[in-house]
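The values are calculated or read from the model by the stated rules, or taken from the named source; none is laboratory data. Everything numeric in this text was worked out from a predicted model, so none of it was measured. In this analysis, Cβ positions are derived from the backbone assuming ideal geometry, glycine residues included, and neighbour counts consider all displayed protein chains.
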Amino acid sequence: MTTADKVITEVLAAAEERIVGRVRLQKIFYLLEQRGMGSGVSFHYHHYGPYSRELDRAMDRAQAMHGVMERIAYRQIDGMPYSIFTLRDGAQGGLPTAVGELPAEEVRRLIGTMTTKSSTVLELAATIHWLKHIEKVVDWRTELVRRKGAKVEKGRMEEAIELLEKLGLSTADH
């Protein structure tokens with residue numbers, strides 16, 4: 001099992017064996033990586049913020065060989081498809097002691113914090129972190145509004161900043 005395949009299974013176990021949405025999965029992985037998870041996947045900037053092709057490929061392998069399942073469901077409001085990722089019974093064997101390089105209980109807490117937020121807020125949080133720490137954009141707020149438009153409205157940018165603080169990924173200038 002490659003490191004990324006193993007970490008996918010561990011993350012799903014820490015997420016109580018369920019993550020809804022590809023964007024959510026990508027952003028959870030990105031933010032956990034920033035906390036030091038060490039899955040070995042790299043990210044680049046894409047339409048919905050930080051994205052990893054390697055993570056998509058590892059997810060395909062995890063589905064083929066390691067008990068990860070993806071079910072497609074459809075939103076009632078508009079019929080758009082979305083993914084639900086789960087583990088087959090016994091695929092993980094319970095919560096591991098670590099998820100990558102992080103203690104499993106810490107990852108469970110971090111994922112629990114993230115799953116209370118919309119995927120848009122997760123997208124904004126990951127993008128804020130990317131702009132500030134990867135691209136090193138000084139005026140990241142203006143750049144976030146330029147890239148994300150209406151997504152930053154209705155308090156979502158502030159909610160994303162608060163989420164980063166709760167995850168221990170400060171937006172404060174150092």
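Laid out as a table, the results:
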| quantity | calculated |
| --- | --- |
| Subset of the range 117-174 that is in contact with a Ser or Thr (Cβ under 8 Å, 6 or more places away or on another chain) and β-branched (Val, Ile, Thr) - its residue that is farthest from Gln34 (Cα to Cα) | Ile161 |
| Lone unmet requirement of (1) farther than 19 Å from Arg22 by Cα; (2) within 15 Å of the chain's Cα centre (by Cα) for Arg147 | (2) |
| Single residue of the range 49-73 satisfying the filter (over 15 Å from the mean Cα position of the chain (by Cα) and assigned to a helix (DSSP H, G or I)) that is farthest from Gly149 (Cα to Cα) | Met65 |
| Criterion: assigned to a helix (DSSP H, G or I) and under 12 Å from Leu122 (Cα atoms) - qualifying residue of Glu159, Glu165, Glu143 | Glu159 |
| Lys136 being outside any helix (DSSP H, G or I), exposed (fewer than 13 other Cβ atoms within 10 Å of the Cβ) and at pLDDT 95 or above | yes |
| The one condition in (1) surrounded by fewer than 21 Cβ atoms within 10 Å (Cβ to Cβ); (2) at pLDDT 95 or above that Asp56 fails to fulfil | (2) |
| Cβ pairs under 9 Å, 6+ apart, first in the range 27-48 and in a strand (DSSP E or B), second acidic (Asp, Glu) | Tyr45/Glu135 |
| Any hit, the range 77-94, residues being within 25 Å of Gly36 (Cβ to Cβ), basic (Lys, Arg) and free of Cβ contacts under 8 Å to residues at least 60 places away in the same chain | no |
| Any hit, the range 74-88, residues being part of a strand (DSSP E or B), among the small types (Gly, Ala, Ser) and under 11 Å from the mean Cα position of the chain (by Cα) | no |
| The range 19-41, subset of a type in the set (Gly, Ala, Ser) and either closer than 14 Å to Ile111 by Cα or surrounded by fewer than 24 Cβ atoms within 10 Å (Cβ to Cβ) (or both), residue nearest to the chain's Cα centre (by Cα) | Gly21 |
| Conditions (1) under 30 Å from Glu153 (Cα atoms); (2) hydrophobic (A, V, I, L, M, F, W, C); (3) free of Cβ contacts under 8 Å to residues at least 12 places away in the same chain: number failed by Ala64 | (1) |
